[in-house]
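Worksheet for the structure shown next.
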């Protein structure tokens with residue numbers, strides 16, 4: 001290499017100088033804001049520079065950008081400016097708009113839109129499935145409803161959050177053409193779990209357990225602003241993790257065992273009833289599909305140990321039977337309160353039964369100032385009959401995708417584990433959404449749709465159509481009696 005070749009180009013020198021100037025400006029601005037006690041002034045400059053860097057990654061290598069977003073998304077709530085009251089009727093919308101998570105959502109929608117348009121222009125079409133189409137309908141009905149809401153700003157913000165989940169699924173469908181791509185996405189998902197647990201452990205070790213106080217309970221919230229979000233995130237990770245565990249190589253099993261053990265402990269400490277029950281239901285589904293009596297016995301032992309070692313868990317479930325005033329305290333939302341609240345809010349849809357009152361509007365229209373705690377009812381009230389039909393179609397297609405993936409996954413392969421894991425997650429998503437606001441946990445749904453996209457790839461035969469090293473495709477012909485066709489065994493998919 002000659003000296004001329006080793007010398008940096010003028011453009012490179014200019015970019016280096018600009019980057020140094022930007023870093024210095026951000027450091028000065030953040031330091032001044034920190035001295036003044038202005039948390040927003042500290043977070044925003046850093047977020048803008050980080051956003052610019054991530055934007056460059058999105059333009060130059062979109063698949064790497066998506067993997068990075070999946071890996072670090074839980075940590076964004078650590079610097080959330082709007083705090084744990086985000087989503088309530090009294091929330092400062094300016095704070096929500098300036099949240100790093102909101103800025104990341106906007107950037108993701110822009111980057112994904114441009115990338116999808118480029119893919120469509122280059123290939124002439126996009127890879128699509130009925131489940132993806134149903135999700136697009138859910139996002140479209142949310143957007144239409146938001147445009148007619150009495151308070152467009154919070155409603156459009158909620159519609160945008162729902163759209164990020166829909167677009168994430170559509171993007172991941174394009175990014176999972178084979179088993180190697182599925183593997184990368186799953187590693188990113190469990191990389192996020194490792195970071196979330198590491199943050200929780202480290203902060204707790206310094207005596208500042210990340211938690212929130214609700215009523216008489218101290219509930220661990222991890223890197224999230226609310227314990228319910230942390231609980232549901234752990235719920236999906238635990239169900240899917242137990243499903244794929246047996247198909248991993250030894251080293252990967254050891255790592256995942258540590259992550260799942262910590263996840264079970266922190267799930268109990270979140271004291272989130274829906275997440276704990278959901279995890280139990282999902283693990284039962286996984287155990288039945290895997291025909292594992294050992295897993296069922298382990299689940300029983302963990303449940304007994306959890307209640308024995310953590311009495312607050314039993315106390316939390318005992319609240320369901322308590323006789324409390326309607327609405328109760330912060331953690332006193334008993335079953336009776338939910339039934340009464342559902343009867344109150346269902347009439348709100350009478351104002352506009354076709355498109356509803358707008359996403360996130362229920363809490364602005366009731367004296368309780370709370371969300372519906374039932375996603376089916378919420379779909380009807382906030383997005384009308386159109387939104388309810390789209391949501392029901394999505395639920396049906398979630399189960400259909402899981403069933404098809406189970407039928408097509410080769411026995412003894414990781415594809416089988418993915419199919420079983422998503423089946424457990426899909427059943428739990430539907431069950432928990434009947435008594436909770438699951439659709440509001442956008443960060444949790446990113447990982448749910450990642451698992452859904454992986455199962456969709458299996459259901460449509462993409463993970464068995466190519467080798468992990470990019471060599472010639474392995475043709476698989478499903479033979480029938482009397483046709484003379486030959487069936488080629490699908491290679492197993494394992495982490496090595």
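The values are calculated or read from the model by the stated rules, or taken from the named source; none is laboratory data. Remember, it's a predicted structure, so these values are computed and weren't measured experimentally. All Cβ positions, even for glycine, are placed from backbone atoms using ideal geometry, and neighbour counts span all protein chains on display.
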*Looking only at region 144-164, which residues are closer than 24 Å to residue 124 by Cα and touching a residue at least 60 places away in the same chain (Cβ under 8 Å)?*
164
*So which residues in region 247-271 are assigned to a helix (DSSP H, G or I) and out of contact with any helix residue (DSSP H, G or I) (no Cβ under 7 Å at 6 or more places or on another chain), if there are any at all?*
250, 251, 252, 254, 255, 257, 258, 261, 265, 269
*Given the residues 388, 376, 399, which is the only one that is within 22 Å of residue 150 (Cβ to Cβ) and assigned to a helix (DSSP H, G or I)?*
388
*Which ones in region 402-430 are part of a helix (DSSP H, G or I), within 16 Å of residue 245 (Cα to Cα) and touching a residue at least 60 places away in the same chain (Cβ under 8 Å)?*
414, 415, 416, 417, 418, 420, 421, 422, 423, 424, 425
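Quick grid of which residues meet (1) crowded, with 19+ Cβ neighbours inside 10 Å; (2) modelled with pLDDT of 95 or more; (3) farther than 19 Å from residue 398 by Cα; (4) touching a helix residue (DSSP H, G or I) at 6+ places or on another chain (Cβ under 7 Å):
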| position | (1), (2), (3), (4) |
| --- | --- |
| 98 | no, no, yes, yes |
| 104 | yes, no, yes, yes |
| 123 | no, no, yes, no |
| 155 | yes, no, yes, yes |
| 166 | yes, yes, no, yes |
_Consider region 190-202. How many of its residues are surrounded by fewer than 21 Cβ atoms within 10 Å (Cβ to Cβ), within 20 Å of residue 221 (Cβ to Cβ) and touching a helix residue (DSSP H, G or I) at 6+ places or on another chain (Cβ under 8 Å)?_
4
_Of the conditions (1) out of contact with any helix residue (DSSP H, G or I) (no Cβ under 6 Å at 6 or more places or on another chain); (2) in contact (Cβ under 8 Å) with a residue 24 or more places away in the chain, residue 243 satisfies every one except a single condition; which number is it?_
(1)
*Would you confirm whether any residue within region 297-310 is part of a loop (DSSP other than H, G, I, E, B), under 21 Å from residue 448 (Cα atoms) and in contact (Cβ under 8 Å) with a residue 40 or more places away in the chain?*
no
*asked:* If I filter region 203-223 for residues that are part of a helix (DSSP H, G or I), touching a residue at least 12 places away in the same chain (Cβ under 8 Å) and surrounded by 24 or more Cβ atoms within 10 Å (Cβ to Cβ), do I get at least one hit?
replied: no
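Each row is one residue, and each column tells you yes or no for (1) at pLDDT 95 or above; (2) exposed (fewer than 15 other Cβ atoms within 10 Å of the Cβ).
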{"position": "128", "(1), (2)": "no, yes"}
{"position": "150", "(1), (2)": "no, yes"}
{"position": "169", "(1), (2)": "yes, no"}
{"position": "182", "(1), (2)": "no, no"}
